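Comments concern the structure below.
Bear in mind that the values in this text are calculations on the coordinates, not laboratory data. The structure presented is a predicted model; accordingly, all values stated were derived computationally and were not measured. Glycine gets a Cβ as well: all are built from the backbone with ideal geometry, and neighbour counts include every protein chain shown.
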Amino acid sequence: MLQLQKVSYAYETERILSDLTTTFRERTVYSILGKSGCGKTTLLKLASGLLTPTNGHIMYDKQSLRHPDASFSYMFQNPNLLPWQTVLQNVCMPFVIRHRKDAMLEKRALHLLSQMGIGALAERYPDELSGGQRSRVALCRALMTNPRVLFLDEPFSALDVMTKEQLQDDLVALVQEREMTVIFITHDIEEAIIIADEIRVMEAGRFIYEEQNPLREQIVRRDTEQALSYKRLLRSVLEGAYA
Amino acid sequence: MLQLQKVSYAYETERILSDLTTTFRERTVYSILGKSGCGKTTLLKLASGLLTPTNGHIMYDKQSLRHPDASFSYMFQNPNLLPWQTVLQNVCMPFVIRHRKDAMLEKRALHLLSQMGIGALAERYPDELSGGQRSRVALCRALMTNPRVLFLDEPFSALDVMTKEQLQDDLVALVQEREMTVIFITHDIEEAIIIADEIRVMEAGRFIYEEQNPLREQIVRRDTEQALSYKRLLRSVLEGAYA
Amino acid sequence: MRKYMFHFAFFILLIWLWHRASLSMSELVLPSPLVVGSVFVDGWTSGYFWPHVSRTLREIVYGLSIGTVFGLGLGIMMGESRMMRQFLQPYIIMSQAVPKLALAPLFILWFGFGMTSKVVITALVCFFPILENTLRAMHQVKREQIELFKMMQASRFQILMRLKIPNGIPHIMSGFRVSVILAVVGAVVGEFIGANEGLGALIIASQGTMNTPLMFAVLINLTLLGMMLYGLVHMIETYGLRRYLRRE
Amino acid sequence: MRKYMFHFAFFILLIWLWHRASLSMSELVLPSPLVVGSVFVDGWTSGYFWPHVSRTLREIVYGLSIGTVFGLGLGIMMGESRMMRQFLQPYIIMSQAVPKLALAPLFILWFGFGMTSKVVITALVCFFPILENTLRAMHQVKREQIELFKMMQASRFQILMRLKIPNGIPHIMSGFRVSVILAVVGAVVGEFIGANEGLGALIIASQGTMNTPLMFAVLINLTLLGMMLYGLVHMIETYGLRRYLRRE
Amino acid sequence: ACSQQKEEQEVEKENATENKQIRMASWSQPITEQTNILADEETKFFKNEGFDLEFIPGAGGGDAIKNILANNADIAFTDAGSYFNALNQGEDLVAIYNIYPQNVFNVVTKEDSGIERPEDLKGKTIGVYSLASGTRENLLILLHEAGLTEDDVTIVETGLLNFAPLMQGQVDATAATDTGLHIGKQKGLDDYKVFEVKDYLNFSSDLFVVTREYYEENEALLKDFLRAYRSSAEWMMENPQEAAQLAKTYAIDGQDIEQNEAIIDIRNRSSQQSKAEHPLGYIDLEEMQHAIDVYEQLGLIENKIEIEQYVTNDLLP
Ligand SMILES: Nc1ncnc2c1ncn2[C@@H]1O[C@H](COP(=O)(O)OP(=O)(O)OP(=O)(O)O)[C@@H](O)[C@H]1O
Ligand SMILES: Nc1ncnc2c1ncn2[C@@H]1O[C@H](COP(=O)(O)OP(=O)(O)OP(=O)(O)O)[C@@H](O)[C@H]1O
Ligand SMILES: Cc1ncc(C[n+]2csc(CCO)c2C)c(N)n1
Ligand SMILES: [Mg+2]
Ligand SMILES: [Mg+2]
């Protein structure tokens, strides 16, 4: 569905991706692991149409992708909230922009916020939130639109274990219900395994590992031998990348 | 050494801490765990003198603490770099401010940056860095000054496993060598165990768990039974907090 | 409270210094504050000032409104398009660097003797700070915020209205504050040229008869007018625009 | 390239329109661009303009320098202290709302009829946008950045110099751009009051002899002066201050 | 002892004559019609009397008077209207020299306007340079002499280019000065008709005015000054061409020598006395009293002023 064909990208001087060719399939959850600075965010912005490749093409449903598609939703690595809007206004923003603000909207937004444990903060401004609260608002905003492809750049990294696990479960449920494609950047191997259908490891702008995920959450969280050994495998892949 | 005496704090309307009394001892590393939004950052800013308690006192070496002490160093939850300064300039900033910029300084800064794997980025501006690179620059800046008390607010949350582990080890070594007090906020139970002498769990502005750390890194990273069971213990404490 | 006492005391001191200075000088050059004060009070109680103040105030309001619309409009256009910027800049600098006083006959020719020419001059004088600040404010948006809006399928116009302008409000308002005061100057300069009503006309008339106390009373009116308008902008900012001053 | 062609074509069109308009009008009101052009060229080749341009330019440079120092200084002081802000504001508004033209003999009394009085007027006219923008820029710093500096034991002065000012440069520069152009107007207005030399004096003289072509040629000189100074500021910004335009 | 004292006085006088500073505040910038003052570097009329003459420019006759009152200057080159206004405000000023005894103001209409006499101005629109200028005051004088008042006409401010609206038909008449009219003619004004205000009320256009205080303390110096001025005025009358040449260098508006000559010629004529028996600079008291009375009748000033108290011809050389 979403195809990168020989995509290269360079920031001014530095080349980040070169000749990357890969496909993201429909109704699949991808976890992307990789060393800090290897190009994950850059890849996500390219795949979502926010950046234009210096070379190569990106195809979405057989069409060349030039701008972010309306069926996309993206959560940035830093929360990127509008400081002059309340939490609720921030979350409703995608609908305001698309002129699809209806009566139900605020209710739905409040429901989503409560689900993430920040329902009480709807009328606060972003500068009155803690770090983890901000990132949850950003996640809410990304989830509001029922996207077909959801791009998430380290959505849970500022959250405590309990909140994180709950949101991971919520996300898994949501994805199954709505049949989205999710491209999910994380530094947490366990998280990657819990969420993904397919796990990819990036190094220096290439994927050095792309495999189906053999396990899923129930198994992983119980720290079974299976889970531990798969985690060790991924670690060694990452270590290899690191060496 | 650093004592909070019946400290309360409220942002405009909302009361975050009430009557918190606790002590941070010399040459000790504290890990603070806690649910997102429970008041960890607020506590750190109070303890470092950045915020003034609405009630109660903070004593540092028997003196009332009114401003951040010169022997403190603080790494913020978001990198908080100056966009108009290069990485190197950002890192050297504490010395520029204290008029102690000397010839060796840049060398030392470059060494520290290299140690964190971002030595090549010294002349870049913050907007040309990835998320994890920015947080490492902020960490460098905090470490430059040889502080007696180091406040770290989720320093490694934006980093990949490998980099994180390396920096954890570096931090442990540094702390042992320099005999600092470190107050370290994290969401990663494993990380807390690896780094801390004492582990504290916060809930609704109080510590519900304050204990010596029975384990240290060597044991934890190998996922020994000991480690797993201690992690489970901490989890259940956190879960209790969550319930 | 003590603070206000201090301000007041300083004000009194200044008045006293003015009084002292006026003693050693002709009333034609520097009239005493007592004389000026009594002319000021007389002017208001007799109703002499009112039509002039009202006229000037109307010119300011109209001129400032037009100037704001143009300043914002052109500032946005020039902020959005490099081409527009390069294209319009020389003409805008011309409109500012050329003293309006010198073009009086042309203004009268084009806009008549009435209020229009004064309004046009006021607008011309006051649109530039808004333009300049708006233009720059357009460029002060973070890259990722633009990306956010692109992701939300925002049109260029929406990015403008929902991101660039709200984000630039503190910057734009600085320009507006300057413009409010320039509008006062603009209206008065406009009235220098050919008016029989308005505070500017009153200044000219007072100069013609060398009635310096009257001129000073008019200047006090102008200062009060400026302070009133500035205070109004301050109120708009504190009550209407406070949220835009928040930083994340 | 094509873009410049378009600009140029538009410019030519404007000149042509001006020419057309001038045909149906007395040279007294609107002289033809051809006449104005030849006066302009003559004025420069004969050296007639040079002393006037040079004089006005010097007034602008001195006035702008002083205005910048005061604008920055007061802007910083008022930005840092609410008390200062409340205290100085009325006087500053007064200094702006009062037309300088009305106070000629006082200016001469205090500063002589030479260049000083013009420099003072220029400074007075142009310091306000810098002040206003600096004042607001002081408040545009993120709370955590201040906290960072407090942690680094920065003094208030250091927070100013190392944080607030660098952070506010885009904002402050908007004010400076406005001020540069106002300085041109200020110098000319200063010369209106009574000067033997300078472009403003030349405008008055050209009006006295109803030499409208000369006046227009002077206005062209003023426009060019304004564009030159504005371009200079632009260069300073692009080459010297680019880093301050970066956002994290 | 006596002779020594006298010697000291002599020395003092010597010193005084060596660098006599005098500051003259003008109603205008240094313009062509004042070349006799401006070109002193060449002509040296003031230099030779030991004067270091400083020219202080102004924007109107009011500025000139304010500048002497503020002690920015010693002597004012100002118009009679401003002088009257200052007296009306209670200032104690002394007029010591009649620079232009002739009224230089006029009212100009188009030939085909149907306005044959000032009386015909009734109901018409008339342009003045500024509501604060002598053009307005003198227009009112003309109307007054014709039995009209301000309310019988519409007065509009047209700025310095007052002939343009006349030529374009926006006004029926415009109030101007003689030099203004000359330039207007140069700029294409034709088929016009002039009412010279001096034909109805002739009085001084410009005077040298000083404060009484300065007058009492510097009589001798002022005498010297007036002598120098009169010589320079005579020189300009005798050498209009040379003056026109010099204007190019010394006057801010003197680029066009031919025009300079015409302007200087006009000013030379207005410097002349109407009555041959009066020397240059002589102020006709009766004429002045009449003028100021008209000002009062017109409501231009409120107080009755005995001009005799404020005018002296004693300093004339
Ligand atoms: N300026 C403010 N005004 C009002 N409430 C605030 C403000 N700043 C923070 N809070 C609230 O105070 C509580 C504690 O915030 P704090 O930043 O200390 O949380 P935290 O424990 O660091 O959370 P996280 O792990 O998400 O960073 C939060 O619930 C937050 O919403
Ligand atoms: N504007 C820029 N100019 C130059 N280099 C850049 C720029 N932005 C990013 N880079 C570089 O590109 C590389 C990839 O950045 P990217 O943000 O994609 O990394 P990442 O994999 O998301 O890292 P992290 O896990 O730390 O977020 C990094 O080395 C970074 O330094
Ligand atoms: C020959 C001569 N021509 C014009 C004026 C100018 N003028 C005449 S009346 C007046 C009003 C005062 O502001 C002014 C400026 C003059 N003085 N002398
Ligand atoms: Mg990233
Ligand atoms: Mg926090």
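See the values below:
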{"quantity": "Residue mean of other protein chain beta carbons inside 10 Å, D:158-167", "calculated": "2"}
{"quantity": "Centroid-to-centroid separation of the range E:278-317 and the range E:248-267 [C-alpha atoms, Å]", "calculated": "30"}
{"quantity": "Rounded Å value of the spacing that divides the Cα centres of the range B:6-48 and the range E:102-153", "calculated": "87"}
{"quantity": "Karplus (6.51, -1.76, 1.60) ³J(HN,Hα), θ = phi - 60°, over the range A:28-36, in Hz, Gly and Pro reported as x", "calculated": "9, 10, 10, 9, 10, 10, x, 4, 4"}
{"quantity": "Exceeding the 25 Å Cα-Cα cut-off - candidates A:LYS231/B:LYS164; D:LYS118/D:LYS164; A:LYS35/A:LYS164; A:LYS62/A:LYS164; E:LYS44/E:LYS66", "calculated": "D:LYS118/D:LYS164; A:LYS62/A:LYS164; E:LYS44/E:LYS66"}
{"quantity": "Residues whose placed amide H lies under 5 Å from that of E:ASP253, excluding near-sequence neighbours", "calculated": "E:THR32"}
{"quantity": "Shortest-first distances to equivalent copies, position C:LEU14, nm, label 7 Å out along Cβ", "calculated": "4.0"}
{"quantity": "Of the DSSP H helices in chain C, those whose Cα atoms cover at least 15 Å axially and whose Kyte score averages 0.5 or more", "calculated": "C:2-23, C:33-45, C:50-80, C:115-137, C:165-194, C:212-235"}
{"quantity": "Sum of -39500 (n - 2.57) over DSSP H runs of 4+, divided by residues of chain A (222 nm, nearest 500)", "calculated": "-12000 deg cm²/dmol"}
{"quantity": "For the protein assembly as shown, with +1 on Lys and Arg beta carbons and -1 on Asp and Glu, the positive-most of D:PHE149, B:HIS57, A:GLN168 along the dipole", "calculated": "A:GLN168"}
{"quantity": "Charge sum, other residues only, whose C-beta stays under 9 Å from B:ARG200's C-beta, Lys/Arg counted +1 and Asp/Glu -1", "calculated": "-3"}
{"quantity": "Mean ellipticity per residue at 222 nm, deg cm²/dmol - from DSSP H runs of n ≥ 4 across chain D, formula -39500 (n - 2.57)", "calculated": "-25500 deg cm²/dmol"}
{"quantity": "Amide H contacts of B:THR28 (H built 1.01 Å from N, under 5 Å, at least 5 apart or other chain)", "calculated": "B:THR181, B:VAL182"}
{"quantity": "Listed peptides A:109-119, A:167-177, A:5-15 by packing density, highest first (mean Cβ within 10 Å)", "calculated": "A:109-119, A:167-177, A:5-15"}
{"quantity": "Other copies of A:MET104: label-to-label distances in nm, shortest first, labels 7 Å along the beta-carbon direction", "calculated": "6.8"}
{"quantity": "Anisotropy class of the protein assembly as shown from Cα gyration tensor, a/c 1.5 cut", "calculated": "prolate"}
{"quantity": "Inter-copy label distances at C:GLY47 (7 Å, Cα→Cβ; nm, one decimal)", "calculated": "6.5"}
{"quantity": "Positive minus negative residues near D:TYR62 (Lys, Arg vs Asp, Glu; Cβ under 12 Å)", "calculated": "+2"}
{"quantity": "Protection-proxy order for peptides B:147-158, E:40-51, B:204-215, each taking the mean of Cβ atoms within 10 Å per residue, highest first", "calculated": "B:147-158, E:40-51, B:204-215"}
{"quantity": "Separation of alpha-carbon centers, the range E:163-215 and the range A:111-156, rounded to whole Å", "calculated": "79"}
{"quantity": "Length-normalised contact order for chain A - Cα pairs under 8 Å, 6+ apart - percent", "calculated": "26"}
{"quantity": "Chain B: C-alpha gyration tensor shape, a/c 1.5 cut-off, then a/b vs b/c", "calculated": "oblate"}
{"quantity": "Span-rule helices in chain E, defined as complete DSSP H runs reaching 27 Å or more along the axis (Cα) with Kyte mean at least 0.0", "calculated": "none"}
{"quantity": "For the A-to-B rotation axis, chain A residue with nearest beta carbon and its distance in angstrom", "calculated": "A:SER157, 2"}
{"quantity": "Chain E, helix-only ellipticity at 222 nm - DSSP H runs n ≥ 4, -39,500 (n - 2.57), divided by all residues, nearest 500", "calculated": "-12500 deg cm²/dmol"}
{"quantity": "Cβ-defined net charge surrounding A:LEU234, 10 Å radius [Lys, Arg +1; Asp, Glu -1]", "calculated": "0"}
